[in-house]
Amino acid sequence: MPSNTEHVPYVEWFTNTDEFRQQALFFEQWGKYTLLEKGTTAYIEFWKEETRKCMEGMTNSDGITITGVHYFYLNYVRIKSEDAVTGRKKFNFPRFLDIDYDYFHLVEVARCKHKGLIFTQPRRTGFSYKDAALCTHEYNFYRDSVCVIGAFLEKLSTTTMNMVLDNMNFLNANTEW
């Protein structure tokens, strides 16, 4: 997002949101992010482009733009959610949700303005996964950064940190980052 971001862009209706999740959908089908041969120029260019999208975000064919962290979250973070077939919890890629769009844009606005954010939200709505994605993204793309995970109860901050570690292990096993 440009550094002059002033507010969360208003979108009345989201369309073609799977365009934001192409890498996650590819991974679900093939069990990897690319079929390109490792070490080739095309393979290196693929990961450069993915890094760019994770840093700058992307715009879909309808002109809707998501932030880089949101792109990263949709394609490179796995969250525990209910399996449609079995009804049991398993690791899946997140779906595109309008609340996530707002969340990641608000984070971007706060960063651009050098401000902090405080959210109030009900428990068990996935915000720990989003927070863990922010920390994972920060670690991978801004190497000298520091993230602090805090909570009134230690077990809650430990849970979020474990999500960060799960993200890192997934990235180490499946990406070039």
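The values are calculated or read from the model by the stated rules, or taken from the named source; none is laboratory data. Predicted, not measured: the structure shown is a model, and the values here were computed from it. A quick note on method: Cβ atoms are made from the backbone with ideal geometry, for glycine too, and the neighbour counts reach across all protein chains shown. The accessibility values were calculated without ligands, DNA or RNA, using every heavy atom of the protein model including side chains. Shrake-Rupley method; radii C 1.70, N 1.55, O 1.52, S 1.80 Å.
For the chain, the relative contact order works out to 21 percent when only alpha carbon pairs closer than 8 Å and six or more residues apart are counted. Hydrophobic long helices, here whole DSSP H runs in the chain with Kyte-Doolittle means of at least -1.0 and Cα atoms spread over 20 Å or more along the helix axis, are found at 98-112, 127-141, 154-174.
Descending by average beta-carbon neighbour count within 10 Å, the peptides 22-28, 126-132 line up as 126-132, 22-28, the highest first.
Rolling a 1.4 Å probe across the protein heavy atoms gives the chain an accessible surface of 62 Å² per residue.
Which cysteines does the chain leave without a neighbouring Cys Cβ under 4.7 Å? Cysteines of the chain left without a disulfide-compatible partner: Cys54, Cys112. When the solvent-accessible area of the chain is split by element, carbon and sulfur atoms take up 52 percent of it, the probe being 1.4 Å.
At 222 nm, what value in deg cm²/dmol follows for the chain if DSSP H runs of at least 4 each add -39500 (n - 2.57) and the sum is divided by all its residues, to the nearest 500? That calculation yields -15500 deg cm²/dmol at 222 nm.
Cβ-Cβ distance of Lys89 and Glu28, R₀ of 22 Å, FRET efficiency by 1/(1 + (r/R0)^6): the value works out to about 0.85.
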